[in-house]
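**Q** Could you have a look at this structure, given as structure tokens, before my questions?
The values are calculated or read from the model by the stated rules, or taken from the named source; none is laboratory data. The structure presented is a predicted model; accordingly, all values stated were derived computationally and were not measured. Cβ sites come from the backbone with ideal geometry, for glycine too, and all protein chains shown count toward neighbours.
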Amino acid sequence: MAEIRTVGVCGAGLMGNGIAQTCAAAGLNVVLMEVADAPLQRGMASIGKSLDKFVEKGKLSQSDRDATMARITATTNVADMKNCDLVIEAIVENVEAKIDLFRKLDDLLAAHAIICTNTSSLCVIELAAATKRPNRVAGLHFFNPVPIMKLVEVVKTIATTQDVIDALYAFGQKLGKEPILAQDTPGFVVNRLLVPYLLYAIRCLEGGLASKEDIDKGMKLGCGYPMGPFELLDFVGLDTTYYIAQIMFDEFKDPMMAPPPLLKRMVLAGRYGRKTGKGFYDYD
């Protein structure tokens, strides 16, 4: 198995720029791609600001910060991914868009290269099947904020070979992450457990069990969680949670995974949480 030295990241949004930063900070060369220059420059600016915070806190020297930025090549041309040993897709959660990208990458990359998706919920084998290398496709699900969170889920499809899994484990460890192995089912490990918990918290609120403030306080002080369920829902995004819940319910038909009416109505009202300034709590 060839060593992973150059990593491509498709998508410069919140997850993509975090993945790119983490790879570059680990000494790897990174090609960061976006469909247009404006979101690409926003992503690069976010990386710069994030690294500046590490410098301010004394966790990173200015020279290391500059060296990390220098290892990232920003592009809007997918052809610039051709020399990557690993490409991580972190674009919009849309199956058709991902399949189109996977086909382009498959035609472009060398035979040894691995293609991964950072999806939190979609079927990985569906993306792999669009390529001529389904054995070299896997999931690599990072957590937000990527430079801080230690976990990465390595997702094995029914086609992924063990050498690819081994390479991704070694890659995750090189980034300073703790990999865990998950099978290719919606939600993988973390969201499979987390989403039903968050949805049931909403049902408890709908049923008048307690106020959102007391439910949050109960879970923080009673279980030692850093955030209560409603704080976490606002942080993750109610729209994101609703989307993942729908995918999980479609797959498993488990009533615990069905989005509660209150969640649907809040999403329809545009109350997504922190990102819109209003969710279960008001951030204005």
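**Q** Does any residue of region 20-38 turn out to be within 18 Å of Asn144 (Cβ to Cβ), surrounded by fewer than 17 Cβ atoms within 10 Å (Cβ to Cβ), of a type in the set (A, V, I, L, M) and modelled with pLDDT of 95 or more?
**A** no
**Q** Within region 212-235, work out how many residues are without any contact (Cβ under 8 Å) to a residue 40 or more places away in the chain and outside any loop (DSSP other than H, G, I, E, B). Quick ask: steps written out before the conclusion?
**A** Of the residues in region 212-235, the ones without any contact (Cβ under 8 Å) to a residue 40 or more places away in the chain are 213-229, 232, 235.
Filter again for outside any loop (DSSP other than H, G, I, E, B), leaving 213-223, 229, 232, 235.
Result for region 212-235: 14.
**Q** Tally up the residues in region 136-152 that are in contact with a helix residue (DSSP H, G or I) (Cβ under 7 Å, 6 or more places away or on another chain) and either surrounded by 23 or more Cβ atoms within 10 Å (Cβ to Cβ) or under 11 Å from Ile114 (Cβ atoms) (or both), please.
**A** 8
**Q** Something else now. Could you say whether any residue in region 185-195 is touching a residue at least 60 places away in the same chain (Cβ under 8 Å), surrounded by fewer than 16 Cβ atoms within 10 Å (Cβ to Cβ) and of a type in the set (S, T, N, Q)?
**A** Looking only at region 185-195, we keep the residues that are touching a residue at least 60 places away in the same chain (Cβ under 8 Å), and these are 185-188, 191, 195.
Those still in the list that are surrounded by fewer than 16 Cβ atoms within 10 Å (Cβ to Cβ) too: 185.
Restricting the remaining residues to those that are of a type in the set (S, T, N, Q) gives 185.
Within region 185-195 (the criterion being touching a residue at least 60 places away in the same chain (Cβ under 8 Å), surrounded by fewer than 16 Cβ atoms within 10 Å (Cβ to Cβ) and of a type in the set (S, T, N, Q)), the answer is yes, since at least one residue qualifies.
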